[in-house]
Structures are given as structure tokens and as C-alpha cells.
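Following: one structure in C-alpha cells, then a few remarks.
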């Protein structure tokens, strides 16, 4: 501005402005010429009114297969084994089949690894580059967007959702962190736009996180990080949903719900390995709808108040919790144990913090006001404390979870290394239930010895003890006088 008192500089400015030929654009009164004003796009041709920029205007509901048709038949808890995400993949296959022009699957080279192989029965991986005879399930019109770049997959999916379509992102749990900042921005966009009345809702951003921390048979420490849940929890409660289905039928129920939802970010954490199945489909739907609940078939406190609450969230923590409960019910039948499984992590928060949160009265009814709570959690333990710190009985809450210990090792050794195994959970109960400590010396000693046996066995054989690998839930626990024979069962 100081140079405007120099005539030479003013001439330079005048010459630059006249280079735009204003006499051709404006009339003598300085108004835009009418014939030029007519060139501006009208209606949906305007950039701001393009329906692809407000994808909710174009969004069509998915044609959904009935997820009941994919149910695993579970005659009783723990009676059958299944791979949860493989069952889910069969459901996703038919979602692709029924919606050939508005649903895609996105994954950084992990569609098959995460057991969604069934999708290749109806479509291919998409590639517009040269395709070689050795390429499997690859074609230009494939609907599986697979590229070894989490960033690319996230960007593809976000663009697909923003323009009015639906999708699902499958990823290894440890590597989804690569898109943390992209997740952040999508969450912030949702937070702002869901309160703009003309902005129509879009399909939810759905993640499946698999290849989980607790199974490191051939991976290792680099593949161990369940912390995306912690990152997600920082966002507005109105946007965020985190689910940890304990088995295949719960996973089906949750998946159907997420695909029907709008304007959310849904994170589903589920294992892909063969695992015991706990709930039939009817029970799974009720359980997932509530978000958490008492598993009466695993509890023995129906006639009174429990002595201890054994809570769990995640498939492997659920298995270890039930194994610990079985030991307790065999050896200390007088202990009243209540088993609570959590599918929807947000139910742990107060209602004032999240719409799925339990009221304080309901939470206290489940978790009690004053009894020990041993919580086996899939992720980092502090997240559970963070969600429940305002609850009445938080002072009695003890959480076991991942604590950055592990390597390429056996499934049971992973939980042992992080103190999440059944034996550590039993020890936690013995330490916290009044009156047990004096009678628990032999049990503690046996548990110590069993953990040593475990270490010796895996060093020699490279696999878990047969009693761990072949463990089954007993619906009618038997009380035996000898600790050794029972735990060795």
C-alpha cells in the first residue's frame, strides 16, 4: 500500500488490471454484461448443487440378504467351532451380489487373509492396469478395491461414501493406525455436516479389524496394536460405535446393523481363527441389541448377589474368562460368579456421555456397587477405566488387557505374556474375594506350576498344551477335591 504514492507503480497496477479487458466484461455502469451472466450454470449444474457433492441425495438403501441364513448352528455354548470372519465374508459376498452398482469392499491386500474369500465367488479385485494370466480374481470391473496402501483404500472408501454409495474396509488391526489422520478428518466432517439441514446423511464408514493382537502364530510384535479403539474414542459420541462380537453369530448381527446405519463410523473388532461359538442366532441378536449382558448359562449367582463379576470384551478375552470361570466353579463352588459379556463398548459410558451408555442404575445392577470386577479386555486396559471412571464401583474394577508384551508365539502364550490368561484371572479373583485368600494357597501354587509347565511345553513342542488347545466349556462343572486333577482336565 505504501507504494501507491509512486506514479510508476500505479501505472504497473493499471496495466495489469486492464489486461483483463474489463470493457468486454462490464458495461459503462460497471455491471456484468447480461450475456455473460447467462453463462453461469443453473440448478444441479452448479458446483454447489451437484448431487454428487451431497451424496445423501443419491444414496439408496442396500438390498440386504437375511443374515439369519448365515447363522452358525450352536446347540449349546462352546459346542461348535467356526471362523467368525469367514462366516461374515459369506454375508458380505451376497451384499455385493445384491448391490452390483453401489457397494464395494476395500482392503490393503488382506481380503483373503481376513477370511473374506467368498466375495471372489461374485466379483474380482479391480485393476485397470495390465492383467497377467497369473493374477487371481482380477478384472477391470471387479468390486474389491485392494491395494497395499491403507491410505489409498481409506481415500477410495471415503470418496465412495461421500458420493452416495456404501462400502466396507477390512484391515489388519495393527495397521489401521496408518489412516488415523484420515479417520480424524472424516469424523470431523461428519460432526459438522450432520447438523447442516440441507446436507443429507450418507452411509456409515465401516471398518472390520481382524488379524488380531492375540494370534501371532507367524507374525510378531509389529502386528500387535489394538489401540485404534482408543483413537476412535476421542471423537464425538454421536458419531462413534465400537463393537467386539465374541462369536460368528454376534458378528453377523452387528454387521447387518452397521450396513444399515447412516452418518456413523463403525469399528468392528473380530478374530478370523477357528474359535468356539457361544450363542445361537436368537440369543446373539438379543445380546447385540442390548450391547452387553449377563451370560446366565455361565453364571451361578441367579439366586443372590455375586461375590465377583467376571466381565469380558473380545473373542479371546471371552474364551479366557470362561475358562477361568470354569476353574472357579469347579474348585470353589460356593463362590457366586456373574459373567458379563460386552459387545458394544459404548454401553460402558454413562448415558450423559454416549447415547448407547447404560444409566447408572442399570450399570450398578449389572456390575454391583461393591463387588470385585475382573474385566478381561481385548485392548489396552486403560480404555475400560477411561469409559467407567465415573461409575459407582470403579474402585473395585481390575482390568486385564494388552500391555505391549508379545512376539511370534502360540495363542495361549500371547495371553500369558500379557497376564490375560485364565490362570491370572483366577488369581485375580482369589486375591479380591474376601475369605478366599487363606484357602487359596494350594490353588495359587498349582497355577504357578501350570504356567511353568506351559512355558516348558511350548519351548519343546512349539504349540500350546493339549489341555489348552482342546479345552471345552462344561455346562455342568464338577467339583473335585484335588486342584491338580481339575485344572489339568
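Summary of computed values
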read-out: Residues of segment 453-489 classified as at pLDDT 85 or above and either under 16 Å from residue 410 (Cα atoms) or not in a loop (DSSP other than H, G, I, E, B) (or both), total; value: 19
read-out: Hits in segment 113-130 - residues which are surrounded by 14 or more Cβ atoms within 10 Å (Cβ to Cβ), in a loop (DSSP other than H, G, I, E, B) and out of contact with any helix residue (DSSP H, G or I) (no Cβ under 8 Å at 6 or more places or on another chain); value: 113, 124, 127
read-out: Residue within segment 318-337 that is assigned to a helix (DSSP H, G or I), under 16 Å from residue 425 (Cα atoms) and under 19 Å from the mean Cα position of the chain (by Cα) present; value: yes
read-out: Scan of segment 352-375 for residues that are within 17 Å of residue 395 (Cβ to Cβ) and assigned to a loop (DSSP other than H, G, I, E, B), ordered by number; value: 368, 369, 370, 371, 372
read-out: Residue 105 vs. criteria crowded, with 20+ Cβ neighbours inside 10 Å, touching a helix residue (DSSP H, G or I) at 6+ places or on another chain (Cβ under 9 Å) and in a strand (DSSP E or B); value: yes
read-out: Residue 415, sole failed condition from (1) under 23 Å from residue 373 (Cβ atoms); (2) exposed (fewer than 15 other Cβ atoms within 10 Å of the Cβ); value: (2)
read-out: Residue 249 being more than 26 Å from residue 47 (Cβ to Cβ), buried (at least 16 other Cβ atoms within 10 Å of the Cβ) and touching a strand residue (DSSP E or B) at 6+ places or on another chain (Cβ under 7 Å); value: no
read-out: Single residue of segment 440-452 satisfying the filter (more than 34 Å from the chain's Cα centre (by Cα) and surrounded by 11 or more Cβ atoms within 10 Å (Cβ to Cβ)) that is modelled with the highest pLDDT; value: 449
read-out: Subset tally (residues that are in a helix (DSSP H, G or I), within 24 Å of residue 346 (Cβ to Cβ) and in contact (Cβ under 8 Å) with a residue 40 or more places away in the chain) for segment 385-418; value: 3
read-out: Residues being free of Cβ contacts under 8 Å to residues at least 24 places away in the same chain and more than 15 Å from residue 103 (Cα to Cα) - total across segment 118-143; value: 14
read-out: Hits in segment 63-85 (condition: touching a helix residue (DSSP H, G or I) at 6+ places or on another chain (Cβ under 6 Å) and surrounded by 14 or more Cβ atoms within 10 Å (Cβ to Cβ)); value: 65, 67, 70, 71, 72, 77, 82, 84
read-out: Failed criterion for residue 198 (all others in (1) part of a loop (DSSP other than H, G, I, E, B); (2) in contact with a strand residue (DSSP E or B) (Cβ under 6 Å, 6 or more places away or on another chain) hold); value: (2)
read-out: Unmet criterion (only one of (1) closer than 23 Å to residue 271 by Cα; (2) in a helix (DSSP H, G or I)) for residue 97; value: (1)
read-out: Residue tally, condition in contact (Cβ under 8 Å) with a residue 40 or more places away in the chain, more than 28 Å from residue 208 (Cβ to Cβ) and either outside any strand (DSSP E or B) or not assigned by TED's automatic domain parsing to the domain that holds residue 367 (or both), over segment 299-317; value: 4
read-out: In segment 163-186, the residues that are surrounded by fewer than 19 Cβ atoms within 10 Å (Cβ to Cβ) and part of a helix (DSSP H, G or I); value: 175, 177, 178, 180, 181, 182, 184, 185
read-out: Some residue of segment 28-48 being farther than 30 Å from residue 102 by Cα, outside any strand (DSSP E or B) and touching a helix residue (DSSP H, G or I) at 6+ places or on another chain (Cβ under 6 Å); value: no
read-out: Within segment 12-58, tally of residues that are within 30 Å of residue 166 (Cα to Cα) and surrounded by 10 or more Cβ atoms within 10 Å (Cβ to Cβ); value: 13
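Results for (1) modelled with pLDDT under 95; (2) over 21 Å from residue 265 (Cβ atoms); (3) in contact with a strand residue (DSSP E or B) (Cβ under 6 Å, 6 or more places away or on another chain), shown as yes or no for each residue.
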{"residue": "357", "(1), (2), (3)": "yes, no, yes"}
{"residue": "365", "(1), (2), (3)": "no, yes, no"}
{"residue": "373", "(1), (2), (3)": "no, yes, yes"}
{"residue": "379", "(1), (2), (3)": "no, no, no"}
{"residue": "383", "(1), (2), (3)": "no, no, no"}
{"residue": "396", "(1), (2), (3)": "no, yes, yes"}
{"residue": "415", "(1), (2), (3)": "no, yes, no"}
{"residue": "418", "(1), (2), (3)": "no, yes, no"}
{"residue": "423", "(1), (2), (3)": "no, yes, no"}
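The values are calculated or read from the model by the stated rules, or taken from the named source; none is laboratory data. All of these numbers come straight from a predicted model, not from anything done at the bench. Positions of Cβ are generated from backbone atoms using ideal geometry, with glycine treated the same way; all protein chains shown enter the neighbour counts.
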